[in-house]
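Trainee: Before I ask anything, let me first share the structure, which is written out below as structure tokens.
The values are calculated or read from the model by the stated rules, or taken from the named source; none is laboratory data. Since this is a predicted model, take the numbers as computed values, not measurements. Counting neighbours? That spans all protein chains shown, and the Cβs are built from the backbone with ideal geometry, glycine included. In case anyone asks, the SASA skips ligands and DNA or RNA and just uses the protein heavy atoms, side chains included. Shrake-Rupley method; radii C 1.70, N 1.55, O 1.52, S 1.80 Å.
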Amino acid sequence: MTGRAHGSLRTGAAGAAGAAAGGAGRIGAGAHGAGRLAAIVASVQRRLAERQARRPEAALERAVEQVLAREPRRSLTAVLRGGRRRPTPPVIAEIKRASPAAGRLAPAGGGRFDPVRQARAYVAGGAVALSVVTEPDHFHGDAADLGRVRPLGRPVLQKDFVLSRYQLLEAVLAGADAVLLIARIVPPRELGRLVRSAEELGLEPLVEVNDRRDVEAALAAGARLIGVNHRDLDTFAIDPGRFAALAPLLPPEVVRVAASGIGTPQRARELHALGADAVLVGEALMRSGDPARWLRELAAAGGGAAR
């Protein structure tokens, strides 16, 4: 974590008070869509309100200061930057227990699934970073998985539906180095507040976009790490041409991540050739009997085109 991030922790809390208290209430105004996404956001709002009632934000602020003082965050951007010019794309490998689109990918409540074992396979295969889906109601996620895989030494991205600064504080305490911010679920001004709050806390925000309007909001918010999600968050349908359509809208200095619908190493190479600095792969690795081999096959190909 930079000195600026640590020094601005208190001022960031005051500047983002609106995000913590009122951001979730403005979702309807900022989101463009309903259906599955609305149901997910509603459950996130409910759980968030319950946690805020149990533990005030000021208590989280004090705990975060202590954590950051002894354990700086790792940089996700550093391991991805320039990826489009590498022989093969860096991979953010994801731990995802389930999803509304794919169903259950791992047993709930642990069972035979060991997130640390899964993450070790990812690291052995050459993944440069780890992603952990933590939303519990629709994805069966567990925020504790962030802390479980953190000792493996890779930057850890938390993927959830972030609506307020309170959740960013929770992300730091849980062990995240970076956090997903979904442009579609908050108004543009709120997205800017969340980007700034994340950076003040030493977290690197990966802003997810689905269309041109999301791209405009992400760039206006100051995002330097942008993920293009091929999956529609309302219908969960995959649009395989989305990265090709949106990547030209991103300035060269933005680190570009392609996500969802990446079922094979060949598909990852195709996106790399289109200018992706990295790919985020979840379901294919979770379903693979040998995720390390999947990753090694991608690395061995060396077929990415330099951009």
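Trainee: So which residues in region 165-205 are within 21 Å of Ile40 (Cα to Cα) and of a type in the set (Lys, Arg), if there are any at all?
Mentor: Within region 165-205, Arg165, Arg184 qualify.
Trainee: Return the pair list, or none, for Cβ contacts closer than 8 Å from residues in region 38-52 that are of a type in the set (D, E, K, R) to residues that are in a helix (DSSP H, G or I), at least 6 apart or on different chains.
Mentor: Listed pairs, sorted by first residue: Arg47/Pro136; Arg47/Asp137; Arg51/Tyr166; Arg51/Glu170.
Trainee: I'd like to check which strands (runs of 3 or more DSSP E) are fully inside region 135-210 and have at least 2 residues that are open to solvent by 10 Å² or more (accessible area, probe 1.4 Å) and modelled with pLDDT of 95 or more.
Mentor: Here the list reads 156-159, 204-209.
Trainee: Within region 272-302, take every residue that is over 17 Å from Gly126 (Cβ atoms) and touching a helix residue (DSSP H, G or I) at 6+ places or on another chain (Cβ under 6 Å) and give me the one that is least open to solvent (accessible area, probe 1.4 Å).
Mentor: Result: Gly275.
Trainee: Among the listed residues Val79, Val64, which satisfies the condition of being touching a strand residue (DSSP E or B) at 6+ places or on another chain (Cβ under 7 Å), outside any loop (DSSP other than H, G, I, E, B) and not hydroxyl-bearing (Ser, Thr, Tyr)?
Mentor: On inspection, the qualifying residue turns out to be Val79.
Trainee: If you check Ala258, Ala237, Ala247, Ala221, which single one turns out to be under 20 Å from Val133 (Cα atoms) and buried (at least 18 other Cβ atoms within 10 Å of the Cβ)?
Mentor: Checking each option against the conditions leaves just Ala258.
Trainee: Same structure again: Which of the residues belonging to region 48-100 are under 16 Å from Thr134 (Cα atoms) and surrounded by 15 or more Cβ atoms within 10 Å (Cβ to Cβ)?
Mentor: Leu48, Ile92, Ala93, Glu94, Ile95, Lys96, Arg97, Ala98, Ser99
Trainee: Looking at (1) closer than 17 Å to Ala38 by Cα; (2) touching an Asp or Glu at 6+ places or on another chain (Cβ under 8 Å); (3) not β-branched (Val, Ile, Thr), can you tell me which one Leu169 breaks?
Mentor: All conditions pass for Leu169, except number (1).
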